[in-house]
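Student: Handing you this structure, nothing more for now.
The values are calculated or read from the model by the stated rules, or taken from the named source; none is laboratory data. These figures come from a predicted structure and were not determined experimentally. Don't worry about glycine lacking a Cβ; one is built from the backbone with ideal geometry, like all the others, and counts go over all protein chains shown. Calculation scope for accessible area: heavy atoms of the full protein, side chains included, ligands and nucleic acids excluded. Shrake-Rupley method; radii C 1.70, N 1.55, O 1.52, S 1.80 Å.
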Amino acid sequence: MGTSHFRRAPALAALAAAAFVWALAGGAATASATVSSFSGEGCIVKAQVLNLQPVAVGCATLPAAGGAEQSSLLTVPSTALVPLGTLNGAEVFGAHTVGQGNQSDTNASVASLDATILNQRIQATFLASHAHAECGAGGAAVSGSSELVELTVNGNEIAVAEQPNTVLFNDAGITIVANAQSGGAAGNDGAIDVTALQIVVNGVGEVDLVTAHADIHCQPANPGGPGSCPVGNDFVTGGGWFFGLPATSGQRHFADAGGYKNQGIWGHLEYMDKTAGVKVHGDPVWYGPGAVSPPTLFDQNNNVVLPQALADELFGALSSGTNPRLIVGTLNGGGAYLVRTVDGGEPGKHVDQFDIAFLHLDTGVFGQPTGTFSFQGGYVAASDPSGIEGGNVQLHKPCTA
């Protein structure tokens, strides 16, 4: 572990924050014999100072009835965290919290986080937290994990172990903890809080960077059966990073979601490849495989192809039995994108996959989009077949009962 010198900061006034949250369409829960309530929340920052009202930045919060919520930002603005410091900025933030069936699950991740807390400059290439609570035959159970990549404090690199509640610094009333976890399960109730990086100032306050919360209350009767079930098809959420192919010296970061709720498409894409000068936000228009007809796609040879065929052509064919999900969407700066994701298991590091290509959104004689897309030799990036380097992709399937 590297060394760093931490300095106490003077006390100031109250915290200020900005949040960007919206509910995923639909996802309404049905009556349940197993789960009476869910809870989940993912945030970039949560802070508490003395007896002031707690402040949260960029949170997605799950209602007790369950369903799904998402929050994302391509660029996280600077936010004053007085008297404890400043969130200088971050990029490619995504938080997804889902309560359905017999479980509550929350993931939050962010790239290029830069904060000054108590005069300490804290930077990290990637931070992520995951919190999970579920009802089983033995009652409630919880689990959690976090990731920190290239963490530095005042320019000094800090090696971070993956064990929960790893103390990086504890002196003069200041404690900095990586992978801070609290909570547990007892009987039919379970709750867990996971924070990628936690800064505590004794008697003053606390700042939590990239947090995930999940809890669940199970019904005593038949605790292993189906709980609240969203109506509709499956959906996918994810956030992480990869080097991938073609190889470059830089990391690629993503936060995305896609699927259908109440016959409507929902989701988002936040994506950054600094080496290639790429930083985009997108919105899905099609998700599959699914019941909705795929858009018309042309490959680089001007042949009409299905999304799966174009993905195989651009990213390489997947092994037999792999269950990918595909998203076609439009980009805020013009153009479109094709994303292929694979949920290979938990945790997602080195098993999940994320691939992306930019498409041309074809137009008619009056310059209006025609609803057809083509690939004309533009941007393509694919994670290594062995999986992403960090983060997680999750495929959420509706209940069958």
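Student: Of all residues in the stretch 295-313 being in contact with a helix residue (DSSP H, G or I) (Cβ under 8 Å, 6 or more places away or on another chain) and hydrophobic (A, V, I, L, M, F, W, C), which is surrounded by the fewest Cβ atoms within 10 Å (Cβ to Cβ)?
Tutor: Here the answer is V305.
Student: Give me a count of the residues in the stretch 77-96 that are of a type in the set (G, A, S) and more than 15 Å from V55 (Cα to Cα).
Tutor: Count: 4.
Student: Which one of these is over 17 Å from D208 (Cβ atoms), touching a residue at least 24 places away in the same chain (Cβ under 8 Å) and not in a strand (DSSP E or B): A111, A141, A65?
Tutor: None of the other options fit; the residue is A65.
Student: Considering only the stretch 372-389, state which residues are closer than 20 Å to T322 by Cα and either in a strand (DSSP E or B) or hydroxyl-bearing (S, T, Y) (or both).
Tutor: A381, A382, S383, S386
Student: Residue by residue through the stretch 37-84, note down the ones that are among the polar types (S, T, N, Q) and either within 20 Å of I174 (Cβ to Cβ) or open to solvent by 60 Å² or more (accessible area, probe 1.4 Å) (or both).
Tutor: Passing the criteria: Q48, N51, Q53, T61, T75, S78.
Student: What are the residues in the stretch 339-352 that are within 18 Å of A381 (Cα to Cα) and either in a loop (DSSP other than H, G, I, E, B) or at pLDDT below 95 (or both), if any?
Tutor: The answer is D343, K349, H350, V351, D352.
Student: Right, something else. Condition first: in contact with a Ser or Thr (Cβ under 7 Å, 6 or more places away or on another chain), open to solvent by 60 Å² or more (accessible area, probe 1.4 Å) and either among the aromatic types (F, W, Y) or at positive phi (or both). Now tell me which residues in the stretch 131-183 satisfy that.
Tutor: E150
Student: Here's something else I'd like to know. Hey, can you tell me all the residues within the stretch 314-338 that are open to solvent by 50 Å² or more (accessible area, probe 1.4 Å) and either of a type in the set (A, V, I, L, M, F, W, C) or at pLDDT 95 or above (or both)?
Tutor: Result: A317, single match.
Student: Can you tell which of A191, A196 is of a type outside the set (D, E), open to solvent by 10 Å² or more (accessible area, probe 1.4 Å), at pLDDT 95 or above and not in a loop (DSSP other than H, G, I, E, B)?
Tutor: A191
Student: Would you mention how many residues in the stretch 271-282 are more than 18 Å from V76 (Cα to Cα) and either of a type in the set (S, T, N, Q) or part of a strand (DSSP E or B) (or both)?
Tutor: Residues that pass the stated criteria total 1.
Student: A follow-up question, please. Pull out all pairs, ordered by first then second residue, where Cβ-Cβ is under 9 Å, the residues are six or more apart or on different chains, the first lies in the stretch 299-324 and is part of a helix (DSSP H, G or I), and the second is open to solvent by 80 Å² or more (accessible area, probe 1.4 Å) and among the small types (G, A, S).
Tutor: Hits for this filter: A311/A317.
Student: Which ones in the stretch 110-120 are at pLDDT 95 or above and open to solvent by 10 Å² or more (accessible area, probe 1.4 Å)?
Tutor: Correct list: S112, D114.
Student: Working carefully through the options Q123, Q100, find the one that is in contact with a His (Cβ under 8 Å, 6 or more places away or on another chain), more than 14 Å from G144 (Cβ to Cβ) and open to solvent by 10 Å² or more (accessible area, probe 1.4 Å).
Tutor: The match here is Q100.
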